[in-house]
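Working notes for the structure below.
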Amino acid sequence: MSSRSRRIGAALLGSTLLGVLMAPTAGADDTRPETVTAGALPTPQTDGIVLSVEIVGNTVYAGGHFDRARPAGVPAGGDGEVPRDNLMAFDLRTGELLPWSPSVTATEFESGTDPGALCDSVGTDRWRCDTVFDVTAGPAGDRVYVGGDFDRIDDRWRSRVAAFSTADRALVDDFDPRVRGRVRALSATADRVYLGGAFDGVGESDRSRLAAVSPAGELLPWSPTADATVHSVLAVPQQHRVLVGGAFDRVNGQLRVALSAVDSTSGDNVAWQWQAPSTDDVVTDIATDGRGTAYFGSYNWEGFNPRFEGRGAVRIDDGSTVWMDGCYGDTQSVAVAAGVVYAASHTHACAALEAIPEDGSIDYQRLTAETTEATGRSPRDVNHVSEGDPVPELLPWLPNTNGGPQDSPWKNGPWAIDANSEYVVVGGEFTTVNGEPQQSLTRFAARSVPEAVDNGPQVPFRAPQVSRDRSTGDVSIEWRGTWDAQNSSIRYEVMRVGTPEPIHAVTRESWPWQIPTMRFTDTNPPAGDTEYWIRAVDSDGAAIGSPRGSTGW
């Protein structure tokens, strides 16, 4: 099997280790799309926050607010740490940090007002804002565009947007638009680069938070307006549309809260049905798999109901709703691959999906996977989802991160996610992944990738309760199951010490919030004190064992 098991229970001791581990058949006929594995692969780290990751071929480009990068497993300041100014790259397959190291910086300015945590204080009332907010590839994969607050790259003037050739990773000479304010979002087609953000112009021309330039950097006439920051843009040239998401209430003067679409050539509003549940909703990211549907995530800055904080899907051609998942918890980023919508968030209370309850064992699930298709109906009215509304299915992919450093003003954990058919890459402010130290970047692989790491049945997995009926001699074994980070079904095998094969096996659906209790009676036990333990095995062959329970205890 190509995957590697991440955890082996300490209770698999002595001769019991010789028992044959057979993968359960449950899930063999599962028609759900398959996610990547949930065990993290070795990945470089930064000393700050990663706000955007982009897979281009076998390279991952990452942008954000950081000063240094280091290899996986190395603490901050340790061996191998090198300078990286808000941009870096690493090999998707190996996790090797690449030598690309452009200097991304900005002109210092004076202000009595703190411009925010993504800017640096460089003296009393003096600041520098040079964060990279978005990294996106051109459609041919020969360019990478970056947008943010910076105004210089390698000591050359680049006002909030720049382009690099992926062939040699050199700055593109003739791409030099002068954007008057923060660029938060980019989307590139063969003949246009669409910009979104908080700017008020490009060069000498006014532009209200949306603009387009040619691949040569020339400003184009396209000039729709938004009345507040644009966080995401998605060009869909096949349908002559550009989707825009953000904190706005109006686009081109018309009420279009948080998510809308405009014509890709004229910039005029086009027919659009979707409406945000609240005027306080902010759409943070939009993605598509090229099949006519857009997937998006949001946060709500006020916190009143109804509000949109989870994920949704709409038809690109008219904005009609495909599904909303009804979950709570801000969503920072979404990516779609192989029938799966991956999200970076802090998801909780998904009552419409009957998942991740507030009283569950997970406070926040910061990495999730859902089906691209609506597979069911909401069983109840919850938040902005009504009973009977179409909903996707939450898939068994449950790696997790922490929220980030103690002094973080956000504690969002992951901020960025990208995916292809073999890998999922995540960036953010987190400092742990699956409970292990790892700062700001991580990656996961499909089962077909030889280096993929399983993250299977979880600990703690407690000893069974064992008791003997003195009248019959039968032994009752009762145990509480566990859960699995990449499979929803687990086979539980009852093991009797001294017997090499399981004496009983049962497969149950197991989630962190839905852990079954099971019972079995051994009607042919040996006389005297007898010990039993439970082995939990998932469909990838990852296994852990419980401690032993005894008839004599």
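The values are calculated or read from the model by the stated rules, or taken from the named source; none is laboratory data. Being a predicted model, the structure only gives us computed values, none of them experimental. Cβ coordinates were reconstructed from backbone atoms using ideal geometry, including for glycine residues, and neighbour counts include every protein chain displayed. Ligands, DNA and RNA are excluded from the accessible area calculation, which covers all protein heavy atoms including side chains. Shrake-Rupley method; radii C 1.70, N 1.55, O 1.52, S 1.80 Å.
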The simple spin-label model distance between Thr113 and Ser421, using points 7 Å out along Cα→Cβ, in nm, is 5.0 nm
Work out the P(r) tail for segment 267-402: percent of alpha carbon pairs separated by more than 19 Å, whole number. 45 percent
For the chain, with +1 on Lys and Arg beta carbons and -1 on Asp and Glu, the positive-most of Ser546, Pro306, Asn402 along the dipole: Ser546
State to the nearest 20 debye the size of the charge dipole of the chain about its Cα centre, where the only charges are +1 on K and R beta carbons and -1 on D and E beta carbons. 940 debye
Vicinal HN-Hα couplings computed from phi for segment 519-525 (Karplus, 6.51 cos²θ - 1.76 cosθ + 1.60; Hz; Gly/Pro x): 9, 8, 10, 8, 8, 9, x
Could you work out how far apart the two model spin labels at Asp227 and Asn58 are, taking each label as a point 7 Å from the Cα in the direction of the beta carbon, and quote it in nm? 5.1 nm
Give me the extension gain from Arg152 to Asp173: residue separation times 0.36 nm, minus the current Cα-Cα distance, reported in nm with one decimal. 6.3 nm
Positive end of the charge dipole of segment 154-254 (Lys, Arg +1 and Asp, Glu -1 on Cβ, about the Cα centre): tell me which of His240, Thr166, Ser205 has its Cα farthest that way. His240
Hey, can you find the accessible area per residue of segment 106-242 for me, probe 1.4 Å, expressed in square angstrom? 41 Å²
Subtracting the Cα-Cα distance of Arg380 and Arg315 from 0.36 nm times their residue separation yields 21.0 nm
Taking square-rooted eigenvalues a ≥ b ≥ c of the alpha carbon gyration tensor, is segment 322-422 rounded, prolate or oblate, where a/c under 1.5 means rounded and, failing that, a/b exceeding b/c means prolate? oblate
Would you mind checking which residues have amide H under 5 Å from His231's amide H? H placed 1.01 Å from N; only 5 or more apart, or other chain. Gly245, Gly246, Ala247
So for R0 = 22 Å, FRET eff. of Ser103-Thr124 from the Cβ-Cβ r, to 0.05, ends up at 0.30
Sort out for me the Cα centre separation of segment 64-80 from segment 471-527, rounded to whole Å. 44 Å
Is there a quick way to get the dipole size of segment 149-252? I mean about its Cα centre, with the Cβ of Lys and Arg at +1 and of Asp and Glu at -1; what is the value in debye to the nearest 20? 340 debye
Could you give the spread of the C-alpha atoms of segment 177-260 along their three principal axes, from largest to smallest, in whole angstroms? 33, 30, 19
No solvent, one uniform scatterer per C-alpha: report log10 I(q)/I(0) for the chain via the Debye equation at q = 0.07, 0.08 1/Å, two decimals. -0.44, -0.56
Taking the reciprocal of mean 1/r across every pair of different Cα atoms in segment 68-212, the Kirkwood radius in Å is 16.4 Å
Treat every Asp and Glu Cβ in segment 432-503 as -1 and every Lys and Arg Cβ as +1, leave all other atoms uncharged, and give the resulting dipole magnitude about the Cα centre to the nearest 20 debye. 120 debye
For the chain, the accessible surface attributable to carbon and sulfur atoms (probe 1.4 angstrom, ligands and nucleic acids excluded) amounts in percent to 46 percent
What full-extension length gain, to one decimal in nm, is calculated for Glu358 and Asp79 as 0.36 nm per residue of separation minus the Cα-Cα distance? 96.3 nm
Once phi is turned into θ = phi - 60°, what whole-Hz ³J(HN,Hα) does the Karplus curve with 6.51, -1.76 and 1.60 give for every residue of segment 66-78, x standing for Gly and Pro? 7, 10, 9, 9, 8, x, 4, x, 9, x, 4, x, x
Net charge contributed by nearby residues that have their C-beta within less than 9 Å of Gly63 (K/R +1, D/E -1): -2
What accessible area per residue, rounded to a whole number of Å², is obtained for segment 271-410 using a probe radius of 1.4 Å? 37 Å²
Amide proton proximity set for His504, modelled H, under 5 Å, gap of 5+: Val494
Can you divide the C-alpha Rg of segment 48-129 by 2.2 N^0.38 Å and report the result to two decimal places? 1.26
I'd like the FRET efficiency for Ala140 and Glu387, computed as 1/(1 + (r/R0)^6) with the beta carbon distance as r and R0 of 51 Å, rounded to 0.05. 0.65
Where only protein heavy atoms count, and the probe is 1.4 Å, what is the accessible area per residue for segment 436-485 in Å²? 44 Å²
For segment 267-310 and segment 108-130, what is the separation of their Cα centres, given in Å? 32 Å
Area of Val466 that stays accessible when all protein chains are in place (1.4 Å probe, Å², to 10): 20 Å²
Quick one: grab the alpha carbon gyration tensor of segment 373-468, order the square roots of its eigenvalues as a ≥ b ≥ c, and give me rounded if a/c is under 1.5, else prolate or oblate depending on whether a/b is larger than b/c. rounded
Starting from the Cα of Ser467, step 7 Å along the direction of its Cβ; do the same at Arg250; then give the gap between the two resulting points in nm. 7.2 nm
Per the Kirkwood formula on distinct C-alpha pairs, the Rh of segment 383-533 is how many angstrom? 19.1 Å
Residues with beta-carbon under 13 Å from that of Gly339, excluding Gly339: net charge, scoring Lys, Arg +1 and Asp, Glu -1? -4
